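Report on one structure; see the data block that follows.
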Amino acid sequence: KNQVEQSPQSLIILEGKNCTLQCNYTVSPFSNLRWYKQDTGRGPVSLTIMTFSENTKSNGRYTATLDADTKQSSLHITASQLSDSASYICVVIRDTDKLIFGTGTRLQVFP
Amino acid sequence: NAGVTQTPKFRILKIGQSMTLQCTQDMNHNYMYWYRQDPGMGLKLIYYSVGAGITDKGEVPNGYNVSRSTTEDFPLRLELAAPSQTSVYFCASSYWTGGHNEQFFGPGTRLTVL
């Protein structure tokens with residue numbers, strides 16, 4: 001079954017600390033993997049897009065990694081800020097046009 | 001560019017009523033999508049369109065209808081609203097879903113059916 005599982009479900013960290021969010025998937029055939037940030041009450045916004053051949057991609061303080069062999073991805077946030085408080089959603093594209101969404105990790109950053 | 005716009009932002013319906021959720025994009029994207037997001041759940045695809053005049057069912061199409069008469073607009077129609085359709089609805093668009101083509105989301109419509 002094509003699934004995307006994210007962990008942890010929720011995470012609380014202090015401002016300035018780093019954190020890593022995990023995404024495991026069983027989607028096949030794999031096309032690409034995306035990480036989105038969704039602020040409360042808003043639509044998701046793309047952070048990174050990685051194809052099969054890409055292992056790492058950065059977007060400012062966000063760094064995503066992809067291991068296509070183990071079907072795992074991670075999103076690392078460096079020097080967290082209060083504005084990083086949001087849900088982070090991992091999405092895997094199957095067959096180039098079918099998006100499979102994870103349920104997200106809710107991150108709260110406290111001062 | 002306004003990006004992807006949705007109206008209304010909020011709506012309360014009674015069981016059995018119908019309504020249309022509007023979605024417009026000004027990026028000349030071919031692909032448009034409708035998703036619903038239930039609390040604590042991932043987004044689920046309702047319908048999508050790969051171009052004007054072409055629509056196809058997603059994962060959860062029952063109870064909904066769509067049309068795509070222009071590139072810009074992709075309205076979602078709810079007939080005979082049911083409490084199970086209480087959700088947040090997101091419209092999105094992209095050139096296509098492969099490679100590094102980004103998908104842009106609207107701000108969402110929060111629908112409650114009582």
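The values are calculated or read from the model by the stated rules, or taken from the named source; none is laboratory data. Computed from a predicted structure; not experimentally measured. Neighbour counts run over all protein chains shown; Cβ positions are idealised from the backbone, glycine included.
So is residue A:70 over 14 Å from the mean Cα position of the chain (by Cα) and either within 30 Å of residue B:51 (Cβ to Cβ) or not in a strand (DSSP E or B) (or both) or not? Yes: the conditions hold for residue A:70.
Just checking, which of B:80, B:13, B:21 is surrounded by fewer than 14 Cβ atoms within 10 Å (Cβ to Cβ) and either more than 24 Å from residue A:104 (Cβ to Cβ) or touching a Pro at 6+ places or on another chain (Cβ under 7 Å) (or both)?
Values: B:13 fails: surrounded by fewer than 14 Cβ atoms within 10 Å (Cβ to Cβ); B:21 fails: surrounded by fewer than 14 Cβ atoms within 10 Å (Cβ to Cβ).
So the residue among B:80, B:13, B:21 that is surrounded by fewer than 14 Cβ atoms within 10 Å (Cβ to Cβ) and either more than 24 Å from residue A:104 (Cβ to Cβ) or touching a Pro at 6+ places or on another chain (Cβ under 7 Å) (or both) is B:80.
For the stretch A:29-39, taking the residues that are part of a strand (DSSP E or B) and among the charged types (D, E, K, R), the one that is farthest from the other protein chains (Cβ to nearest Cβ) is identified as A:37.
Residues A:42, A:61, A:106: which one is more than 19 Å from residue B:92 (Cα to Cα), among the charged types (D, E, K, R) and within 11 Å of chain B (Cβ to nearest Cβ)? Spell out how you get there, then give the answer.
On the way: A:42 fails: more than 19 Å from residue B:92 (Cα to Cα); A:61 fails: within 11 Å of chain B (Cβ to nearest Cβ).
None of the others qualify; the one that does is A:106.
Do the conditions hold for residue B:109, that is, is it more than 14 Å from chain A (Cβ to nearest Cβ) and either within 18 Å of residue A:42 (Cβ to Cβ) or at pLDDT 95 or above (or both)? For residue B:109, the condition - more than 14 Å from chain A (Cβ to nearest Cβ) and either within 18 Å of residue A:42 (Cβ to Cβ) or at pLDDT 95 or above (or both) - is not met.
Is it the case, given these coordinates, that residue A:14 is among the hydrophobic types (A, V, I, L, M, F, W, C), surrounded by fewer than 19 Cβ atoms within 10 Å (Cβ to Cβ) and more than 11 Å from the chain's Cα centre (by Cα)?
Values: among the hydrophobic types (A, V, I, L, M, F, W, C): yes; surrounded by fewer than 19 Cβ atoms within 10 Å (Cβ to Cβ): yes; more than 11 Å from the chain's Cα centre (by Cα): yes.
Yes.
Could you tell me which of the residues B:67, B:49 is within 19 Å of residue B:8 (Cβ to Cβ), surrounded by 14 or more Cβ atoms within 10 Å (Cβ to Cβ) and among the small types (Gly, Ala, Ser)? It is B:67.
Results for (1) crowded, with 16+ Cβ neighbours inside 10 Å; (2) farther than 21 Å from residue B:3 by Cα, shown as yes or no for each residue.
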{"position": "A:25", "(1), (2)": "yes, yes"}
{"position": "A:34", "(1), (2)": "yes, no"}
{"position": "A:41", "(1), (2)": "no, no"}
{"position": "A:69", "(1), (2)": "no, yes"}
{"position": "A:75", "(1), (2)": "yes, yes"}
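Residue B:4 passes every criterion in (1) touching a Leu at 6+ places or on another chain (Cβ under 6 Å); (2) within 30 Å of residue A:106 (Cα to Cα); (3) of a type in the set (A, V, I, L, M) apart from (1).
Residues being under 27 Å from residue B:48 (Cβ atoms) and part of a strand (DSSP E or B): count how many of those fall in the stretch A:73-105. Break it down stepwise before answering.
Applying the first criterion (under 27 Å from residue B:48 (Cβ atoms)) to the stretch A:73-105 yields A:73, A:75, A:86-105.
Retained after the next criterion (residues that are part of a strand (DSSP E or B)): A:73, A:75, A:86-94, A:98-101, A:105.
Qualifying residue count, the stretch A:73-105: 16.
Can you name the residue in the stretch B:38-57 that is more than 9 Å from every other protein chain (Cβ to nearest Cβ) and in contact (Cβ under 8 Å) with a residue 24 or more places away in the chain and is also nearest to residue B:88 (Cα to Cα) among such residues?
Of the stretch B:38-57, the ones more than 9 Å from every other protein chain (Cβ to nearest Cβ) are B:38-39, B:46-47, B:49, B:51-57.
Still in the running and in contact (Cβ under 8 Å) with a residue 24 or more places away in the chain: B:38, B:46-47, B:49.
Values: B:38: 7, B:46: 12, B:47: 15, B:49: 20 Å.
Out of the qualifying residues, it is B:38.
So which residues in the stretch A:32-73 are of a type in the set (D, E, K, R) and under 26 Å from residue A:17 (Cβ atoms), if there are any at all? Those that are of a type in the set (D, E, K, R) and under 26 Å from residue A:17 (Cβ atoms): A:34, A:37, A:39, A:42, A:57, A:61, A:67.
Of the residues that sit in the stretch A:43-67 and are surrounded by fewer than 21 Cβ atoms within 10 Å (Cβ to Cβ) and in contact with a Ser or Thr (Cβ under 6 Å, 6 or more places away or on another chain), which one is farthest from residue A:98 (Cα to Cα)? Looking at the filtered set, the residue picked out is A:61. The number of residues in the stretch B:61-106 that are among the aliphatic types (A, V, I, L, M) and within 12 Å of chain A (Cβ to nearest Cβ) comes to 2. Please go through the stretch B:58-76 and give me each residue that is touching a Leu at 6+ places or on another chain (Cβ under 6 Å) and in a loop (DSSP other than H, G, I, E, B), ordered by number. Once the filter is applied, which keeps residues that are touching a Leu at 6+ places or on another chain (Cβ under 6 Å) and in a loop (DSSP other than H, G, I, E, B), the stretch B:58-76 yields B:58, B:59.
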